[in-house]
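We did not get these values from a lab; they are worked out from the coordinates using the rules stated. Fair warning: this is a prediction, and the values are worked out from it, not measured in the lab. Note: ideal-geometry Cβ built from the backbone for every residue, glycine included; neighbour counts use all protein chains shown.
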Amino acid sequence: MKFDEFAILHEKKEYVVANTNHDVSKQVEPEVEAFNKVQVQDDTLVQSTQGDMHDTDCAKPGMDILKSNSTSRILVAALLLTVVLILFKLSPDLISPNVFSRQEPAGVTHVLVTGGAGYIGSHAALRLLKDSYHRVTIVDNLSRGNMGAVKILQKLFPEPGRLQFIYADLGDAKTMPINPYGKAKKMSEDIIIDFSKTTNMAVMILRYFNVIGSDPDGRLGEAPRPELREHGRISGACFDAARGITPGLKVRGTDYKTVDGTCVRDYIDVTDLVDAHVLALANAKPGKVGIYNVGTGKGRSVKEFVEACKKATGVDIKVDYLSRRPGDYAEVFSDPSKIRDELNWTARRTDLQESLEIAWKWQKAHLNCYGPSMA
């Protein structure tokens, strides 16, 4: 047989030698007479025939290249893997000290506050930072944040340590939920409890009720994003009406079986709430789950709340009474006896008007949330 043509592809360049007229038929087995072309690509022999390569004078160089390069690649891969493993093992020593890898000093508790840029979370972070033995990391996606707050947000880079898991259940949660919102909260509790059974994590679940008030020193307050006001707390709605941001206050439902026909709720001051968090942290124990209602234990009607807000602001707020909102329950208030007995916590700021006066002070100083003061 004669090789009429063969091509060598090397370093992505093609060289063609035609009509070489070398008679190599004696060196090739019959079944490879269909062999037309031999390609060497990137130093690797590639056969483009329908037959099998045989140990001929023509094939030997290619096979040697194949074996040589396969061995080289294996050695290079092994070397690279070794280098990567060494770098991975030594990486803490090769980079600058990482604040997330340092050990906490004795007596220091590192607290991760999820939603720490929000109304409750920011008050919790502020309270924790006042304690010299606490380190605080805030995590928040700012999806419900106010741009005024974002502009003054300080970047924090604290270190993580052993995390105590505290789940805060915002809303009117009950052991037997009364609406889809409550069912979702109960499901979250169940998931956390199930997870705790397979770990040694300390778990404290706090069931919030209706949160009001603000920092007594006037450093923080409630400032929802404008488009979220319709879905905010009743205290925020009252203040918006008192400031003239909205034409009045909408009260939904006046035919409930309560003392005055409006819903009854348990209003807890935010400063009392964050105190409960601090106590929960101090009493969290690995492998244990604590579930507590955090409220005053006393219900107040919506009408009673509105009257207290009028007195706190000094504004005769216009009130529009509308039909019930689907899913609202007539009365929801806490039984805080467990947290009182086990953590020695009791709500101290139970004067509704006083809590609203403190919150109103911040509102007056921040008419545009984080802008100029009210005239």
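Here is how the numbers come out for the structure above:
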read-out	value
Segment R243-N200, length gained on full extension (0.36 nm per residue, minus Cα span)	10.5 nm
FRET efficiency, 1/(1 + (r/R0)^6) with R0 41 Å, evaluated for I191 and V108 via beta carbons	0.85
Gyration tensor verdict on the stretch 243-375 (Cα atoms; rounded if a/c is under 1.5, prolate if a/b is larger than b/c, oblate otherwise)	oblate
Potential lengthening between D131 and Q353 on full extension [0.36 nm per residue; Cα-Cα distance subtracted]	77.1 nm
Sequence-distant residues sharing a close amide H with V111 (under 5 Å, placed H)	R135, V136, T137
Highest-first arrangement of 113-126, 338-351, where packing means the average Cβ count within 10 Å	113-126, 338-351
FRET efficiency, 1/(1 + (r/R0)^6) with R0 51 Å, evaluated for N344 and V319 via beta carbons	0.80
Inter-centroid distance (Cα atoms) of the stretch 299-365 relative to the stretch 191-225, Å	18 Å
Net length gained if the chain between R144 and D260 were fully extended (0.36 nm per residue, minus Cα distance)	38.4 nm
